[in-house]
1. Set the Förster radius R0 to 30 Å, insert the Cβ-Cβ distance between ASP78 and LYS163 as r into 1/(1 + (r/R0)^6), and round the FRET efficiency to 0.05.
2. Name the residue from VAL190, GLY148, GLN123 whose Cα lies farthest towards the positive end of the charge dipole of the stretch 99-196, charges +1 on Cβ of Lys and Arg and -1 on Cβ of Asp and Glu.
3. So which cysteines of the chain have no other cysteine's Cβ under 4.7 Å from theirs?
4. Through the Karplus equation 6.51 cos²θ - 1.76 cosθ + 1.60, θ set to phi - 60°, convert the phi angles of the stretch 203-218 into ³J(HN,Hα) values in whole Hz; use x for Gly and Pro.
5. log₁₀ I(q)/I(0) of the stretch 1-156 at q = 0.16, 0.18 Å⁻¹, via Debye over equal Cα point scatterers, no solvent, to two decimals?
6. How would you rank 128-137, 53-62, 7-16, 98-107, highest first, on the average number of other Cβ atoms within 10 Å across their residues?
7. Note down the Stokes-Einstein diffusion coefficient of the stretch 119-240 in µm²/s, whole number, using a Kirkwood radius over alpha carbon pairs, 4 °C, and 1.567 mPa s.
8. What FRET efficiency do you get for TYR217 and ASN103 if R0 is 35 Å and r is their Cβ-Cβ distance, rounded to the nearest 0.05?
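Read-outs: derived from the displayed coordinates by stated rules, not from any lab. Worth saying up front: this structure is predicted, and the values here are computed from it rather than measured. Glycine also receives a Cβ, built like all others from the backbone with ideal geometry; neighbour counts cover every protein chain displayed.
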Amino acid sequence: MQKIEGYLRAAIDRYAMIEPGDRIAVGVSGGKDSLTLLYALAKIRGYYPAPFSLFAVSVDPCFSGNEADFSSIEKLCDQLGVPFYLRRTQLAKVIFEDRKEKNPCSLCARMRRGILHNICKEQGCNKLALGHHADDAVETLLMNLFYGGSIACFSPKTYLSRKDITVIRPMIFCEEREIVRASRKLSLPVLKLSCPRDGASARTETGELVDSLSRRYPDLRTKLLGAMQRGGISGWGMEK
C-alpha cells in the first residue's frame, strides 16, 4: 500500500489537489478502484502537511430494481474513521427501462456524477475525489480519438464553476494491476453490482486493445501518459 500512497502523493503534489481545510467527498462505487482510493486517502490524511477531512459517498443505481448491500462499505468507513453517506436512486430504471438507452454507460456516468456533485454541495464538501487511474486515462484518450476524433482525456483536477466544486483524481499515476494487488492484500470489501452492461462496453474493448498492443510495446501506457503531460492535454501538463 505504500507504493499506492506514493503515487497518490506524487499526483496530489504535482497538481495541487489538496489544500488546508479541504472537505473531500470520495465517490465510492464499491469497486476496487474507489475503495483503494478511500483507504489510501484515509492513511495519507494522518501525515499530509495540508490538513483535510474525508466524507465517503455511494450512489446505488438499484440495478434490476434491487437495493445493493453497502453494509461492508459502511463498516470499512467506520474502521477508517470516515463518515459514510448512501443515496439510493432510480438510475437503472431511468436508463434501462424508461429511456432504453442503447449505449447507457456514458449517460449513467454523467448522471451519477451529477448526483455526486449535488451531494457534495449538500454536505459542505468543496472537493470530490474519484478513483480513475492510469489505465483509465489511457483508455479514455484512445476512446476519444477512435470514437470522437479528438485528442482529449479527463483532467487530473477540474474546477466546476457552476457547482463551485473541484474534482480531483489522485490515482492517475497508479496502474490498475497495482490497485488489484493492493485491494486483494487489504481484503477490501469489493461489491459486485449487477449492471446489465458489465463487461460489454466500449471501454472494455479499448482496454483489451491496449493490453494487446502492450504485449508488443511494453511501455505503451507510460509513454501515452507522458505524451499527455508533455503535450499539456486536458490539464495534464499543469504543475504546481
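1. In this case the efficiency is close to 0.55.
2. So the residue we want is GLN123.
3. CYS62, CYS77, CYS105, CYS108, CYS153, CYS174, CYS195
4. So the Karplus estimates, Gly and Pro as x, are 5, 4, 5, 5, x, 5, 5, 4, 4, 5, 5, 5, 5, 8, 10, x Hz.
5. Calculated log10 I(q)/I(0) at the listed q: -1.01, -1.22.
6. The densest-packed peptide leads the list: 128-137, 53-62, 7-16, 98-107.
7. 80
8. It comes out at approximately 0.75.
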